[in-house]
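Written out below as structure tokens is the structure these notes cover.
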Amino acid sequence: MKVRALSVKVVPGVYFNDRAHGRRPRRIPQLSPARCYPMTHTPHHSPPPHRPHHPSQSMPENKPSQMAWAALFCGVGAWTLLPAVAAIAAVICGHIERGHIRRGESPSAGLTVATVGMILGYIQLGLVALGIFAMVVIFGLMALGIAVL
């Protein structure tokens, strides 16, 4: 059975109010109810077959990316091995990974991992700066002869 599409009929005498916008008036297209036919036959579509999920099938997993883990490992390494260098690397990796997550280029599961690494890096950078400032003050006072250790 053929199904006819809806047709558009222009009703004479009805115009858009386009003069206010500097355009020529146009006629409003309207549907003609005499030309509309409902569908009498709906095609039957069977649902796709049910397939149970197996762990061996490749499904996109929401795991933290390698850049997020690098930020965390550098943040932990800043507290144990290389205070200033690893802290700077943790902050840089954390910011890069958060930008990738915000743009949708990396899985969102790495947000917490990257943020923790970045925070560890910032805290360690603050402590390194505080230590350098304390050393400058102590050595400055020693040079002036005020403080003797």
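Values quoted throughout were computed directly from the atomic coordinates according to the rules given, and no laboratory measurement underlies them. From a predicted model like this one, the values you see are computed outputs, not experimental measurements. All Cβ positions, glycine included, derive from the backbone under ideal geometry; neighbour counts span all protein chains shown.
Highest average first, the peptides 114-125, 92-103 ordered by how many other beta carbon atoms sit within 10 Å of their residues are 114-125, 92-103.
With N the number of residues in region 66-144, Rg(Cα) / (2.2 N^0.38 Å) evaluates to 1.34.
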